[in-house]
Amino acid sequence: MARTIKIQCINTGKELFLPNGISLKEIAEQLEDELGFVPIAANVNNRMECLSMELYHPKQVEFVDVRSYQGLHVYIPTLVFVVASAFEELFPSGAFRLAHLSAGEMFCTFNTGTDNEDEPEKVVSAIVNRVTKICDADIPIEPIEEETAIVIEKFRKAGRKDIVQLLSNYHDLYATYYKMGQHIEYSYGPLAFSTRYVSQFKLEACEGGMMLSAPLTLPSIYKEGENKISQQELDVCCEVAEWNRRMHASSVGEINANCMERKGSGWLIKVAESLQERKIWQIAESIVSSGKRIVLIAGPSSSGKTTFSKRLEVALEAIGHMSFPISLDDFFVNRTETPRDENGEYDYECIEALDVKLFNECLSSLLSGKPVDLPTYNFVTGIKEYRKHNRKVVAPGYTFIVEGLHGLNPDLLTEIGPDQVFRIYVSPMTSLALDDHMRVSATDNRLLRRITRDAVQRNRTARVTLSSWQKVREGEVKWIYPYRSNANVFFNTSLVYEIAVIKPFAEDLLREVPQNCPEYAEAKRLLIILSYLVPLSDREVPPTSIIREFVGGSSFRY
């Protein structure tokens, strides 16, 4: 009698007794009618795995598709692998690079390596046709584990210097790469079982390259058009890419080389911080020249809005322009008046959670030079408090710096005309390249920041932060991203060295996430990303740096 193993399927709530050595793909095919979707990967004991994985011991299995964040983390690198392979077949002397990643959109640059200047539209059309054929052929994508030294040599022969440089600091004895026909790729998580799983995509020529889009079938998280990379983001991306190239910091491999040289790592920090400081001064000068008295600052979670606003105050005062800070968080309605979401929980993300009327009354009075009693929101008791030192009178000529989630929402200001307002969108907009075909997304950057900050400032575990992250993201998509286009200025808060500094803090926190909880899969994914970076001490990070908001040691009071 053939040996069987017990598989607990989370999707169906059933226990299955199946043949020993059965693959995840075979299980998914057996459960096709019950699942109601085509899985792209599976959580096995709360760890993401390829569908090709064979099971020899009792397991807990949850299948995922592209409608989930975890499924999207499989779809995107698989799609990039297929597109890069198609490009390599068509233009063997050319170069293809994923330059920017935002949600399900990827800005890619390319050089065909031919003598003739190919029209971008024709190049993209040829790639689309080839990718379509590859997907239709349903070519298997096979994970292969070999000694790291052998894997490095394979990529050296394939001309992938980016991966060779990255793996030179990889300390595991074995490494896993993926093979699709004649093509090989390195990945930091599981890929799809075969090419047919990524047949849905869009590829269009654009200025400077091409835009690759994955299907975003997440109605509760994304809406049509809200994941689009804006031209402002692309401008920032190109500017930073050129700076990184000159600083030899275009990828994790190059940054690792910098970090391993004491002078190099310190110099990288100094130059990165100086570049950001220069940008803040330019914004301060733009505000003064505009003559506008109200500055609204908004951005998604862990963007560094608070530190940016404080540094903007300093820059304004340094050029002789006084400012007055206001936090929208102090204008929350009392907790008992906070709207509830569809699950009956308090919805702190919606604009109705703010006392918009009171905010407008206070701001109008301050602009008129009248004395105002400003509230302070007590996050422990959940009520607005009025304290003795909160009575304020602001002299004429001051600029009001307002920072908060809804800063760009047109419904925030009901009594003040737009001609008095200067709007700033703040976010880490550039993503860190692991290699030429994959990047650490800006969203992951923010998540690592938040995990570290929540532990340092709020005594929260990584598990708690991870468990609430999807809801935070849903709030951002609903209340922040639709209003980005209202901004006068985009400010990029990412620093090329920052994840290397965050690594020692975040790794310890992520390792504490227990395997028997759903958050373990995400913790493991982030740990894999961090494993490729050489840690960098925060010793040379200045006390006014945006990164200090997350790792501690800031000279600002929060």
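The values are calculated or read from the model by the stated rules, or taken from the named source; none is laboratory data. Predicted, not measured: the structure shown is a model, and the values here were computed from it. Glycine also receives a Cβ, built like all others from the backbone with ideal geometry; neighbour counts cover every protein chain displayed.
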For region 370-392, state whether one or more residues are touching a residue at least 60 places away in the same chain (Cβ under 8 Å), over 19 Å from ILE280 (Cβ atoms) and crowded, with 16+ Cβ neighbours inside 10 Å. no
Lone unmet requirement of (1) more than 29 Å from PRO428 (Cα to Cα); (2) surrounded by fewer than 17 Cβ atoms within 10 Å (Cβ to Cβ) for CYS362: (2)
Hits in region 279-289 (condition: under 24 Å from the mean Cα position of the chain (by Cα) and either modelled with pLDDT under 90 or not hydrophobic (A, V, I, L, M, F, W, C) (or both)): LYS279
Residues to consider are SER301, SER289; find the one that is surrounded by fewer than 20 Cβ atoms within 10 Å (Cβ to Cβ) and either over 30 Å from LEU466 (Cα atoms) or out of contact with any Phe, Trp or Tyr (no Cβ under 6 Å at 6 or more places or on another chain) (or both). SER289
Got at least one residue in region 313-331 being hydroxyl-bearing (Ser, Thr, Tyr), in contact with a helix residue (DSSP H, G or I) (Cβ under 9 Å, 6 or more places away or on another chain) and either under 27 Å from ASP373 (Cβ atoms) or touching a residue at least 24 places away in the same chain (Cβ under 8 Å) (or both)? yes
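Of these, GLU142, GLU146, GLU121, which one is within 29 Å of the chain's Cα centre (by Cα) and either acidic (Asp, Glu) or loosely packed, with under 12 Cβ neighbours inside 10 Å (or both)?
GLU142
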Every residue in region 532-558 that is charged (D, E, K, R) and at pLDDT below 95, please. ASP538, ARG539, GLU540, ARG557
Anything in region 378-404 that is touching an Asp or Glu at 6+ places or on another chain (Cβ under 7 Å) and of a type outside the set (S, T, N, Q)? List them, or say none. TYR386, ARG391, ILE401, GLY404
Among the residues listed as SER441, SER531, the single one being under 26 Å from ALA42 (Cβ atoms), surrounded by fewer than 19 Cβ atoms within 10 Å (Cβ to Cβ) and of a type outside the set (A, V, I, L, M): SER531
Only one of THR132, THR112 is of a type outside the set (Phe, Trp, Tyr), more than 28 Å from ILE529 (Cα to Cα) and surrounded by fewer than 17 Cβ atoms within 10 Å (Cβ to Cβ); which? THR132
Residue check: is GLU29 within 30 Å of VAL128 (Cα to Cα), among the charged types (D, E, K, R) and free of Cβ contacts under 8 Å to residues at least 24 places away in the same chain? yes
Inspect all residues belonging to region 72-83 and state whether any of them is closer than 22 Å to TYR481 by Cα, of a type in the set (Val, Ile, Thr) and either touching a strand residue (DSSP E or B) at 6+ places or on another chain (Cβ under 8 Å) or crowded, with 22+ Cβ neighbours inside 10 Å (or both). yes
